[in-house]
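Input: a single structure, listed below in structure tokens.
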């Protein structure tokens, strides 16, 4: 009997010790699970070209230059320089620099116009983003075809250029961006000169990053506004009921 009693005691003690060890392991695992491991840093893609020989333009970031869909197409510096960048670069700009901060841009400077085509941007905290893709045709920025009308009223600060140095609209003193397209900008140059009063209305965005529209009506004031074709308007096609009305340009039926 004594032998059976001692065996039972030993068995019970072993069970208790095993249970204690298991509970301790579960508790430790619970502590570890409460603090999940940090996500791995994204892989950095090396630039295809050496950007070091490019001229460097430095200055204070005044505002982002938005597309009518709210995408960042570039930067305006305090000295009036307009910095343009591809879409991928623009999407990453707010992560390294905000309005009021100093930036340095490696890029090609315009001849005769205060513009820079950016290939790399360095923010005030040393963070740097670069256009790592090989040269190709720039991806077009999205432009809304429907949406709320956004009015813009104020004084023109500067003509808005595109990456080819052509005037395509106006930058207002209140930081709003008005797009009219190259053809309209040539025709309406007097209304887009710095210091001119301008009223415009069109589809676009207005939010924390700023305001940008594709103007549909424009003039020195609301009483003198005229209708214009928006910068992103599709080319005119065949009239309804004609033989070519249902033909989609570029499709097999159009050939």
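Here is how the numbers come out for the structure above:
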read-out	value
Extension gain, residue 88 back to residue 58 (0.36 nm per residue minus Cα-Cα distance, nm)	8.7 nm
Distance in nm between pseudo-label sites at residue 189 and residue 223 (7 Å out along the Cβ direction from Cα)	2.9 nm
Cα gyration tensor shape of the range 149-227, rounded if a/c is under 1.5, else prolate or oblate by comparing a/b with b/c	rounded
Global geometry of the range 56-130, whether rounded, prolate or oblate, following the gyration tensor of its Cα atoms and the 1.5 cut on a/c	rounded
Mean Cβ neighbour count within 10 Å, used as a protection proxy, ranking 82-94, 169-181 highest first	169-181, 82-94
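No value in this document is a laboratory result; all are computed from the given coordinates. Source: prediction; values computed, not measured. We place every Cβ from the backbone using ideal geometry, glycine too, and count neighbours over all the protein chains shown.
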